[in-house]
Amino acid sequence: MPYKKVIKLRVLRFFMEYQPRKKKGETIKPSRKYSIKEIPLSDGTIIGVFEGDRGFIKDHDIIIKYKEKGKQIRTPKHIHWVIDLLIKKQYKPELTLKFMKYLREMYERVEGFKSKEDRANFFLKETAPEKLKPFEELNTYGEYKVEFIGHLIELMIKMEKNTSPEKPARVFKELMDAMIQEKEIFVIVSKATQIG
C-alpha cells in the first residue's frame, strides 16, 4: 500500500485577550477572556468584543475593549468619547452637532442582540464607512476618529438595550441629548461618569 502524506493546515487566528480582575470577595483569579469578535479600524486600532455576564439576558451581554497600535488594551468609557466630541465641537460646531444627531438617531435604529449567535456574528450596519464619510473632516480634531466613535457607540447602544424593560438603561440616550441641547458641562460630565 503506497504511503500517503497527510498535510494538516492550521488556521491561526489571533484573539484579543485580557485578564479580568477579581470581584469583591473572590479568592480565585478569573480565567482569561478571549474576544468573540474583533473590528479592525483603518488606523490600526482594533475593537475587541468579549462575552459579558451581566445585563437582563446574560447571553446577550458584551464587554468592549480596544487596542491602539503600540499601546495596551483599554476599556472605553463614556467620558472618553464625550470629551473628544466636545473638542471636535470647538473647531467644527455645525458638523459635530450633525454627527451627534446622527449618533443619537442611531439609538432608535440599533437593536440589542437577539441571541448568543447574533452576539457572535453581528455586523455594525449604522457605522459602515459610507455612513460616516460625511463626518470624516472631524478626524482632524480630538483624539479619536469618527470611525472609532461610531463603532464604539453602536456597540454601547447594543449593550444598553440588554437591560430589563422595567428598568431600561438610558445613559447614552440621555448623555447625547444633553450634549445636543448644549447643557452645561457639569451636567454632561456627571452623566458621562455615573456608575450604575
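The values are calculated or read from the model by the stated rules, or taken from the named source; none is laboratory data. In this text the structure is predicted, and so the values were computed from the model without any measurement. Note: ideal-geometry Cβ built from the backbone for every residue, glycine included; neighbour counts use all protein chains shown.
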Pick from the stretch 70-125, criterion among the aromatic types (Phe, Trp, Tyr) and under 17 Å from the mean Cα position of the chain (by Cα), ranking: nearest to residue 40 (Cα to Cα): 123
Residue that is over 18 Å from the mean Cα position of the chain (by Cα), farther than 19 Å from residue 102 by Cβ and not aromatic (Phe, Trp, Tyr), where the choices are 143, 184: 184
Pairs, first part of a strand (DSSP E or B) in the stretch 36-49, second surrounded by fewer than 15 Cβ atoms within 10 Å (Cβ to Cβ) and polar (S, T, N, Q), C-beta under 9 Å, six or more apart: 37/121
Residue list for the stretch 152-189, filter: at pLDDT 90 or above and small (Gly, Ala, Ser): 178
Residue within the stretch 37-59 that is farther than 28 Å from residue 188 by Cα and among the polar types (S, T, N, Q) present: yes
Candidates 5, 65, 69, filtered to the one that is assigned to a loop (DSSP other than H, G, I, E, B) and at pLDDT 85 or above: 69
Residues (of a type outside the set (D, E, K, R) and surrounded by 17 or more Cβ atoms within 10 Å (Cβ to Cβ)) located in the stretch 90-123: 95, 96, 99, 100, 102, 103, 106, 107, 110, 112, 113, 122
